[in-house]
Amino acid sequence: MKKNISLLLICVQGVLASLSVAAQQKPHYTQYILNQYIVNPALTGIENYTDLKVSHRHQWVGIQDAPVTTYLSVHAAIGKTDYRKTATSFDLKGENPRGERYWEAYTAPDPHHGIGFQVINDVTGPLTNFSAYGTYAYHLPLGSRTSLSAGFGVGFNRFSLDANKLDFGDVVVDPAVYSSGVLNKTRFDMMAGLYLYSADYFLGISAQQIVPQKIDFSGGYIRPTTGKTVPHLFATAGYRFLLSETVNLLPSIMVKYIDPLPVQVEGNVKLQYLDRIWIGASYRHKDGYAAMAGLNVSNIFHVGYAYDYTTSRLNNYSKGTHEILLGFVLGGYPDNCPRNVW
């Protein structure tokens, strides 16, 4: 029996090792543009309200044990005193509150802090990666219209293996293997980032899993191979074009690097009408396309949906990927309209 359990552990460690060199370990988000905070802690407290978001992503529908990711994020500013309404700043009837006049008068916020929290649960077959982080950022104006923020997050990853879900096919395995229950390993984790932003553009860089950790379920006794977490590096950029008083065009790009995988490039475009409704599209190099749409309700609640179509050979088995995001603006008086989150 001990021999069979050891064999199980060796097999699991082999899988973990292969994952560490052949695939990304952090979830992918098609609608990252709606919540860049989830990939860059420097956005903590960027707005004048508490930003709460919940997302659920079901990847490669139709493939058994495909990734399913759910997250909750919340962050808010501390000591942010801009956006104060005056007698002349109320919305005029028939005028877009985020139209050309508003962006021409945009000014960088005063120096302030931000704090936040995010929880992510990513499940792929028998493996679960549950992570939680507390984040902090400081925002500093560099000029009349430009700001730079720096942030970091500290938390943990909890890797779980459900041995009951392991399937060895026709191989005879000791029943003790299937009764091993859920094996857990918890590891310290950190993230960090920088974010340069203004009325018209943003530039961001960030790193997740910046403290590499070994992953194994052998209890420290059998270590023929071990998996490990590796850093994930992200670079993002975007620009705002005012096509008219009521329509904004927001193209953006994300570049992702995970050693030793090739650099991954993703382009997005978002067409927004009156800060109320939007549609968008995304292209991931050598991977697939995505269509997106969203709706803002009184700048208090918004919903976004994305459908991904893969162009890889997985398309022969998958019915696509579905992702939904719900956002809530809390305590935003006197200005609860998104300003720096695109």
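The values are calculated or read from the model by the stated rules, or taken from the named source; none is laboratory data. This structure is a prediction, so every number in the text was calculated from the model and none was measured. So basically every Cβ, Gly included, is an ideal-geometry build from the backbone, and we count neighbours across all protein chains shown.
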Q) Which one is modelled with the lowest pLDDT among residues in segment 272-286 that are farther than 19 Å from His56 by Cβ and crowded, with 17+ Cβ neighbours inside 10 Å? A) Asp275
Q) Just one of Asn315, Asn268, Asn299 is more than 21 Å from the chain's Cα centre (by Cα) and over 20 Å from His75 (Cβ atoms); which is it? A) Asn315
Q: Hand me the list of strands (runs of 3 or more DSSP E) wholly inside segment 250-331 holding 1 or more residues that are under 26 Å from Tyr102 (Cβ atoms) and without any contact (Cβ under 8 Å) to a residue 24 or more places away in the chain.
A: 264-273, 277-284, 288-297
Q) If you check every pair at least six apart or on different chains, which have Cβ atoms under 8 Å apart with a residue in segment 124-136 that is within 25 Å of Gly193 (Cβ to Cβ) first and a residue that is β-branched (Val, Ile, Thr) and buried (at least 20 other Cβ atoms within 10 Å of the Cβ) second? A) Asn129/Ile120; Phe130/Ile120; Ser131/Ile120; Ala132/Ile120; Thr135/Thr44; Tyr136/Thr44
Q: Filter segment 130-152 down to the residues that are in a strand (DSSP E or B) and among the polar types (S, T, N, Q), then identify the one that is farthest from Pro111 (Cα to Cα).
A: Ser131
Q) Does Ile258 count as of a type in the set (A, V, I, L, M), under 23 Å from Val39 (Cβ atoms), in contact with a strand residue (DSSP E or B) (Cβ under 6 Å, 6 or more places away or on another chain) and surrounded by 15 or more Cβ atoms within 10 Å (Cβ to Cβ)? A) yes
Q: Could you tell me which numbered condition Gly294 fails, if it satisfies all but one of (1) closer than 24 Å to Asp51 by Cβ; (2) under 16 Å from the mean Cα position of the chain (by Cα); (3) surrounded by 18 or more Cβ atoms within 10 Å (Cβ to Cβ)?
A: (2)
Q: Scan segment 267-295 for residues that are acidic (Asp, Glu) and within 25 Å of Ser312 (Cα to Cα) and report the count.
A: 1
Q: Among the residues of segment 95-134, count how many are closer than 26 Å to Asp200 by Cβ and touching a helix residue (DSSP H, G or I) at 6+ places or on another chain (Cβ under 9 Å).
A: 4
(Q) Here's a check for you: in segment 47-79, which residue that is within 16 Å of the chain's Cα centre (by Cα) and of a type in the set (A, V, I, L, M) is farthest from Pro141 (Cα to Cα)? (A) Val68
**Q.** Matching residues in segment 227-252 - criterion: being in contact with an Asp or Glu (Cβ under 7 Å, 6 or more places away or on another chain), surrounded by 16 or more Cβ atoms within 10 Å (Cβ to Cβ) and closer than 23 Å to Leu34 by Cα
**A.** Arg240, Leu242
Q.
I want to confirm something. Restricting to segment 65-110 and keeping residues that are closer than 25 Å to Met191 by Cα, surrounded by 14 or more Cβ atoms within 10 Å (Cβ to Cβ) and not hydrophobic (A, V, I, L, M, F, W, C), which single residue is modelled with the lowest pLDDT?
A. Lys80
Q: Select from segment 15-47 the residues that are surrounded by 24 or more Cβ atoms within 10 Å (Cβ to Cβ), assigned to a helix (DSSP H, G or I) and either of a type in the set (S, T, N, Q) or modelled with pLDDT under 55 (or both) and list them in ascending order.
A: Gln36
